[in-house]
Amino acid sequence: MDNKTKLKQNLATIQSNIAKALLKNGKKSTDITIIAVSKTIGSDIAKLAFDLGIRDFGENRTQELNQKKQFIKEANWHMIGRLQTNKVKEVVGVADLIHSLDRWNLAEEINKRGRLLNIEVPVLVQVNIAGEEQKAGIEPNDVEEFLDSLGQLSNIKVYGLMTMAPFMENNEGTRPIFRELFYLKEKLKNNIYKNVEFKYLSMGMSQDYEIAIEEGSNMVRIGSALFDF
Ligand SMILES: *Cc1c(COP(=O)(O)O)cnc(C)c1O
């Protein structure tokens, strides 16, 4: 089977699984954005996905994101990986959404660069729901205060929250993590923030995207289930 046929089948399977998950979520979310995580594949394969209708791509390295964006300019490019402050200039003004805002000094750096370019930088705040030491993200209890503080940074716009569940043998174990982020978002929505709009809940990857959607995700980041070659 050629790559395009394989990709088409994988995409059809994912879309059908998403449709099933949406039926189970009690309208917690409706439209799902599929982000094709292209970090393990080349621009040529990413282009095949674009030709099949994929409009959003995710990368976790700034250099790869820049290179692939050059190749597929019409797509939306998402920075999903941990971002070092010295790489901020390579991604602000390039990425359409940064999913990994996880600390104050990174916010300051993003804001500084946004001001220089005279743009509002779209970000998601990454939350460490699972409480894993090695995982990035703001602790759930600190998110409220963090969003408040971000009000001081006028070149940042927060469009929602992101989390990563740990790998689990039984993916049902991820459900409480996604549920907690959904309810955190519901709670925070009652507050008034200067530069926050709760539009996206970025949660779910190849192992757990169906569960994430059942729990209210509207943005899934899928790599290996799509690009399994
Ligand atoms: C790699 C990656 C993904 C995609 O993972 P798959 O298991 O291949 O779907 C999603 N989110 C982040 C932050 C990643 O680094």
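Since every read-out is calculated from the coordinates, none of them should be taken as a lab result. Not measured: the values here are computed from a predicted model. Note: ideal-geometry Cβ built from the backbone for every residue, glycine included; neighbour counts use all protein chains shown.
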(request) With springs only between Cα atoms under 10 Å apart, run a GNM on the chain and tell me which of 102, 44, 56 wobbles the most. (result) 44
(request) Work out the length of the dipole vector of the chain about its Cα centre, built from +1 on the beta-carbon of each Lys and Arg and -1 on the beta-carbon of each Asp and Glu, and round it to the nearest 20 debye. (result) 620 debye
(message) Taking the alpha-carbon distance from residue 8 and a cut-off under 17 Å, which lysines remain once sequence neighbours fewer than 8 residues away in the same chain are dropped?
(response) 47
(request) Give me 18, 54 ranked fewest to most by other Cβ atoms within 10 Å of their Cβ, as a rough exposure proxy. (result) 18, 54
(message) Can you order the peptides 121-132, 21-32 by their average number of other Cβ atoms within 10 Å per residue, highest first?
(response) 121-132, 21-32
(message) Please state the shape class of the range 187-229: rounded when a/c is under 1.5, otherwise prolate if a/b exceeds b/c and oblate if not, all from the C-alpha gyration tensor.
(response) prolate
(request) Excluding residues on the same chain fewer than 8 positions from residue 20, give the aspartates and glutamates whose Cα lies under 19 Å from its Cα. (result) 31, 172, 208, 210, 214, 215
(request) Mind putting a number on the dipole of the range 104-222 about its Cα centre? Charges go on the C-beta only, +1 for Lys and Arg and -1 for Asp and Glu, and I need it in Debye to the nearest 20. (result) 600 debye
(message) Could you compute Rg(Cα) / (2.2 N^0.38 Å) for the chain, with N its residue count?
(response) 0.98
(request) Kindly put 1, 162 in sequence by how many other C-beta atoms sit within 10 Å of each C-beta, fewest to most. (result) 1, 162
(message) Please list, ordered by chain and number, the residues whose modelled amide H lies under 5 Å from the amide H of residue 37; skip anything fewer than 5 residues away on the same chain.
(response) 58, 222, 223
(message) Give the lysines reachable from residue 24 as a straight Cα distance under 19 Å; neighbours fewer than 8 places away on the same chain don't count.
(response) none
(request) Can you grab the distance from the C-alpha centre of the range 100-155 to the C-alpha centre of the range 19-50, Å, no decimals? (result) 24 Å
(request) Tell me which residues come under 5 Å, amide H to amide H, from residue 101 once H is placed; ignore anything under 5 positions away on its chain. (result) 124, 126
(message) If amide hydrogens are placed 1.01 Å from N in the peptide plane, which non-local residues have theirs closer than 5 Å to the one on residue 218?
(response) 201, 203
